[in-house]
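Only one structure is covered here, and it is reproduced in the block below.
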Amino acid sequence: MEPPEVATELYVLLSAILFILGTLGVLLRRNAILIFMSVELMLNAANLALAAFARQWGTLDGQLLVFFVMTIAAAEVAVGLALIVAIFRTKKSTDIDDLHLFKN
Amino acid sequence: MENFYNLVPLIVIIPAIGLLINLFAGKYLGEKGVGIVAVGASTGAFLVSVLLWIALVDTGFEAAVVNMPLLDGWIRIPSAGVEIPWQFRVDTLSVTMMLVVTGVGTLIHLYAVGYMHGDERFPRFFVYMNLFLVFMLTLVSGNNFLMMFVGWEGVGLCSYLLIGFWFDKPGGEGWRNSDAARKAFIVNRVGDFGLVLGVLITFWTFGTLDYYRPHEEPLHVAAHGAEESAPVFAPDVPEAEAVEHAPSGPLGVFNQAHLWLEEGGHRVDFGLFSMSFEATLTVITLLFLLGATGKSAQIPLFVWLPDAMAGPTPVSALIHAATMVTAGVYMMVRSNVFFHASDTTSFVVTLIGATTALMAGFIAMGQWDIKKVLAYSTVSQLGFMVAAVGVGAYAAAMFHLVTHAFFKALLFLGSGSVIHGVEHGHHHVAHAHGDEHHAEPFDPQDIRNMGGLRHRMPVTYWTYLIGMLALAGVIPFAGFWSKDEILLDTLKLGTEQGRLDGYVGFVLLLVAAVFTAFYMTRQVALVFWGAPRTEAAAHASESSPTMTVPLVILAVLSVIGGFMNIPDGFPVLGSLFGVHELTSWLEHSVVYAHAGSFNFLLATAAVLLALAAIYAGRLVYNDRVLRTLRLDPLEADPRTSRAFALANAKLYWDEFYFKYIVYPFRDAAHWLADRLDWAFWHDFVHNEVIYGTFQRATRVLTEPVDRGLIDRAFNAIGEAIRAAAARLRTIQTGYVRTYALSVLFGALLVMFIILLPVIRELLGM
Amino acid sequence: MELTLFIIVGAIAVVTAVMMLISENAVHSALFLVLNFACIAFFFLMLSGAFLAMVQITVYAGAIMVLFLFVIMLLGAERLRPEQNPRFPWMVPAAIALALIFLVTVSLAIIRGEVGASSRQIEQPYVRAVNAVDQLEAVDVYLDGALIAENLAYGEASAFTPWERGRYDITLYPAGAEEPLATAKVDLNRGEAISFTALGTRADPLLVVADEDLRGTDRSDALRVTVVNGVRSVERIDVVRGTDPVASEILIDDLPYGAASRPVLITGGTTDLSVFSDGVRRDRLMTFSDRTLTPEQGHLWVFTTRARPDNSFDNVFLSLESNALPSFGGPTSIGLTLFARYILPMQMVAVVLLVAMIGTIIFTRDMLAPRRVFVRRLANPPAELQAPIAPEAASRSSLEG
């Protein structure tokens, strides 16, 4: 088999960049919905790496893992958005810094 | 038809299923449902027995050994070479017992449905009854002594449970019932101790407990008859060929015993000492005999059986007359190879059996309780069977066992019917006269309270009469044939071998037979003849069909049951029904079974003596005496009053046991409890030594060690942690984003650790 | 070409991710994220995950992002408040520092580590054996001493078995015999489906290596056929559709005895098949009428003869049909793996989805029904409850307590 034109390393590097961008979103943004979107971005970055390794190893396991991650992500989004909606009703805000309950 | 053999586990499983159904669902089934389940289970077992019978006839009486499913590796200790499989043995002897147990058992179950009607623990009664069938059938169908022992103990348990079934009757009667149950259980322990020892010695001697291994046939004696005792192989096989066919590999105990006896000179090593094989067999059989005296109520352990009549009457009929008490006889017939080999044991067995027969017959003449009379009669008849085993008449013993099961079950069920009828009459009278009648103590089992019942209870009367004639040994009823065979075999032991025990046994048994006819006449006269002596008897009524139908069936069996084993040379009947059918049937499994011949002189004499006793009984208990019965005529007559008093007091057996065994034992136990247990163990060892030492030690440990050292150390640790936590707490801000940053930091740390080799390589380290 | 595409699309992905991060409007962020997801779907395509790409578009870019937009619009949260007096001013530099460290670490791992260094061959070769030896009822076939078919009856084929690549010796034995009947050499390469076809007679056996092509085809009405010529009486054969030597469609042309044709793609359907001798005189050797050719399968056809006891011959046509192998990353292969090896994780995921559904319902149920305020009522009890407890009641309760 001839080596693929785009090496696996490039995919992994791209995946890392997207992942860290998602991480920055989680850390720096305060809007809960945006944080959620950033988490989705991180998941997609991981998916990309998985698919790349699946091609490299010639087995389908990586792709199946991507499939499962997508499914779980869908469940997570449904529950997470429901939580955001529920919180919004009481706090009238989607800012996660408003969520803290600890008294100093 | 051979496939029928494989059904034999069902004979235990079907009653077990019945009892489980009644145990768990009995409450919801109602009396009718419980009765159907219990009788159905018993009938199912009976049908299996019949199928096994057919299979045996069809295969030419070839015995079979069948493994119990799931339990065939019952006891297996490979390192010790012990392997006792849960195996059933289907041979003519076990099938005979199965047929008796399940056949009579089914009739009694049916009867009990009527008898126990209205009892508050109706389902429990039938659970116990089915449990009894399970154990009894385990006892008779096992292929090794251990299975027999399991059944043996199991039926003892059921006997205990059922004797004490009415443990909560008011007015002290409940205590009497439970005392009777305990007595039966404890007395039987003495006998079981003998049996256990016997079984253990058997195992030590033979290395196995199997009667016969699978595919092993009993080695037969050459010709039937006590005088030809040298065991050789089956007569139709030439000697040389027979040796080739001799079973190879380890043998079952009986064939092994056969071979060792034939070789002679075999010794059994018991570690500290060794004994000749013949002496070992004597020890084993004497221990077995001890077991049999317990279970089959022989001197000296018979005292529990009369008391056992405290149980419900169907129990008395099934367990304490027809089946369980014959287990001892079955066990001895099963071990006939052992018993035949030991003259000493045979002598003891004959004497014990004959003495018991005579003594119990004597006591029966002085009893007032209708069931006690029958109980002593049972002891007496069991004595006949044991004596038959003693003189080597194993077939006769089994024959008497079967016929006795028929007519004694009949008599017990009849007495139950009478008691039921009289109680019914008593209630009727009490209702008519208001409540004050209830206050008077009234014993429905006392035959002084009866009389003239033949008009009130005709079915019970006629069946009872048949049972009485069968028991008394009047030709052609069943009892005549079996008793005559025993008497003749006993006499022949004396005349043909010149053995003293033959003569003594014959005389004792003959007198016992006369007693039998007399006390049965007395009982029938007091219960049924003459005029009613109480209002209860006058208002007694016939029992329901569920009770009378079994009576009629058993009566028919009591009439024709003897025809199964008609002796050689009996005119007419022999050609009609075949000659000694039962013996030829049993010969296939009982090596030393031999057919009885017919002695016209002896038979005539026996029948004439029985008739004379009946006539004498009728003379003593004539209608004039029966009308106003104050005292028994024997008691009133100064010539016999002392003897009657002795009989009435049961020859003071119980008092003897209490004075010389029970009380000394109790005193010893008291002494041990006070001195050894309380004073020494409790006060001194436990309180002073252990508790005191411990207390002093703990006092030392508590103050300086625990409080001073350990507590302080832990408090210091706690303080340190609290101080550290106060600082660390500030990290916990409550803001999600700071947590996320920490997670990222942690993840990077992990990555660093993983990549450490790469980094070190890069930095050239 | 591929690399260029990768760089362009990768750049789009990074740019959209950054735009999503810094966008002031949540709706814009969501739309950038959709674009980013589309890029990732494109990468899935490049990584031969066609099915994943479709799922990525429909589920992620479609369903999930619609959900996001719905919630944003429902809550009216599209305008994000600007970050005034940030609570953690050190957060931004710390996060960026950690991100840079992460990137450096990953790059290190990629450069110095083992990523992409080793790769295993995709798609193993598959082998099987076919017995068409006249006068031989059953054969055993070994590949370098390893058994691949045992006691194989005449006219039967063993199942395809995956095998390691490499050069092998095939040996043919009469069933159970010690002495080999024939041997041959074969190279097994990636993606091949090899049928070792034993031909000829017992006295003169021949092993033919037929390389079938079991990959799926683009046409749903077509199938691939590989033909093995076992007709000993003539030199070469033609296989045609129909019976007419002139007008028929020639499927296989000029196939010598003991050779296997290359796989050819033919149209399926019910048809007559004839075998002609090739050459000057075109003699019709055999005709087989009304054969059903199932599309989307791979067929191995063996034409041979079999001697009768009276020295005449029977024409034999063995048609061995196999289903096409599923392609890597296609829906079939994913589905097969999913429902074979991954059935338990699949069930677990299903449970997770169910729990998520229930959780969503529970979290949002309060929105539909007005909330009861018991707590408040107890915190401010009405006047009659605030009255002091009567003395007798107090004493009774103290007795009971």
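Quick notes
- Out of B:Y615, B:Y652, sole residue that is among the hydroxyl-bearing types (S, T, Y) and closer than 22 Å to B:A517 by Cα: B:Y615
- Take the conditions (1) touching a Lys or Arg at 6+ places or on another chain (Cβ under 9 Å); (2) assigned to a helix (DSSP H, G or I); C:F328 misses just one of them, which is (2).
- For segment A:46-62, the candidate set comprises residues that are without any contact (Cβ under 8 Å) to a residue 12 or more places away in the chain and either closer than 25 Å to A:L21 by Cα or assigned to a helix (DSSP H, G or I) (or both); within that set, the residue that is farthest from the other protein chains (Cβ to nearest Cβ) is A:D61.
- Residue check, B:A517 in contact (Cβ under 8 Å) with a residue 60 or more places away in the chain, closer than 25 Å to B:F477 by Cα and surrounded by 24 or more Cβ atoms within 10 Å (Cβ to Cβ): yes
- Count of segment A:72-94 residues which are open to solvent by less than 40 Å² (accessible area, probe 1.4 Å) and touching a helix residue (DSSP H, G or I) at 6+ places or on another chain (Cβ under 7 Å): 13
- Test: residue in segment A:11-23 that is in a loop (DSSP other than H, G, I, E, B), of a type in the set (A, V, I, L, M, F, W, C) and either over 24 Å from C:G10 (Cβ atoms) or within 7 Å of chain C (Cβ to nearest Cβ) (or both): no
- From the list C:T226, C:T271, C:T287, the lone residue that is surrounded by 14 or more Cβ atoms within 10 Å (Cβ to Cβ) and closer than 20 Å to C:F313 by Cα is C:T287.
- Residue in segment C:60-80 that is farther than 18 Å from A:L34 by Cβ and either surrounded by 16 or more Cβ atoms within 10 Å (Cβ to Cβ) or of a type in the set (A, V, I, L, M) (or both) present: yes
- Checking B:R737, B:R760 one by one, the residue that is more than 23 Å from C:I96 (Cβ to Cβ) and either in contact with a Leu (Cβ under 8 Å, 6 or more places away or on another chain) or in a helix (DSSP H, G or I) (or both) is B:R760 and no other.
- Out of B:G530, B:G479, sole residue that is in contact (Cβ under 8 Å) with a residue 12 or more places away in the chain and over 19 Å from B:R454 (Cβ atoms): B:G479
- Index of the failed condition, B:M148 passing every other in (1) without any contact (Cβ under 8 Å) to a residue 60 or more places away in the chain; (2) touching a Gly at 6+ places or on another chain (Cβ under 6 Å): (1)
Yes or no, residue by residue, for (1) part of a helix (DSSP H, G or I); (2) open to solvent by 30 Å² or more (accessible area, probe 1.4 Å):
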| site | (1), (2) |
| --- | --- |
| B:Y503 | yes, yes |
| B:A536 | yes, no |
| B:E542 | no, yes |
| B:T546 | yes, yes |
| B:V549 | yes, yes |
| B:I560 | yes, yes |
| B:M564 | yes, yes |
| B:S584 | yes, yes |
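- Looking only at segment B:709-750, residues that are open to solvent by 60 Å² or more (accessible area, probe 1.4 Å), within 11 Å of chain A (Cβ to nearest Cβ) and of a type in the set (A, V, I, L, M, F, W, C) come to 3 in all.
- Taking the conditions (1) over 30 Å from C:P263 (Cα atoms); (2) modelled with pLDDT of 85 or more; (3) more than 14 Å from chain A (Cβ to nearest Cβ) in turn, C:F317 satisfies each one other than (1).
- Failed condition for B:T356, given (1) touching a strand residue (DSSP E or B) at 6+ places or on another chain (Cβ under 9 Å); (2) at pLDDT 95 or above: (1)
- Qualifying residue in segment C:24-31 (condition: open to solvent by 10 Å² or more (accessible area, probe 1.4 Å) and within 9 Å of chain A (Cβ to nearest Cβ)): no
- Among the residues listed as B:A668, B:A636, B:A606, the single one being small (G, A, S) and over 32 Å from the mean Cα position of the chain (by Cα): B:A636
- Given (1) facing another protein chain (nearest Cβ under 7 Å); (2) assigned to a helix (DSSP H, G or I); (3) open to solvent by 20 Å² or more (accessible area, probe 1.4 Å), number of the condition A:L43 does not satisfy: (1)
- Failed criterion for B:L47 (all others in (1) modelled with pLDDT under 90; (2) open to solvent by 30 Å² or more (accessible area, probe 1.4 Å) hold): (1)
- Residue in segment B:59-76 that is under 23 Å from B:V329 (Cα atoms), part of a helix (DSSP H, G or I) and either of a type in the set (D, E) or open to solvent by less than 70 Å² (accessible area, probe 1.4 Å) (or both) present: no
- Unmet requirement for B:L99, which otherwise passes all of (1) crowded, with 19+ Cβ neighbours inside 10 Å; (2) under 22 Å from the mean Cα position of the chain (by Cα): (1)
- Residues in segment C:1-11 that are in a helix (DSSP H, G or I) and either facing chain A (nearest Cβ under 9 Å) or in contact with a Phe, Trp or Tyr (Cβ under 9 Å, 6 or more places away or on another chain) (or both): C:E2, C:L3, C:L5, C:F6, C:I7, C:V9, C:G10.
- Near pairs, Cβ below 8 angstrom, 6+ apart or cross-chain, from segment C:92-107 (at the interface with chain A (Cβ under 9 Å from one of its Cβ atoms) and among the aromatic types (F, W, Y)) to any residue that is open to solvent by less than 20 Å² (accessible area, probe 1.4 Å) and assigned to a helix (DSSP H, G or I): C:F102/A:A16; C:F102/A:I20; C:F102/A:T23; C:F102/B:L744; C:F102/B:L748
The values are calculated or read from the model by the stated rules, or taken from the named source; none is laboratory data. Everything numeric in this text was worked out from a predicted model, so none of it was measured. Neighbour counts are summed over all protein chains in view; Cβ atoms, including those assigned to glycine, are modelled from backbone coordinates with ideal geometry. Surface accessibility is based on the protein's heavy atoms, side chains included, excluding ligands, DNA and RNA. Shrake-Rupley method; radii C 1.70, N 1.55, O 1.52, S 1.80 Å.
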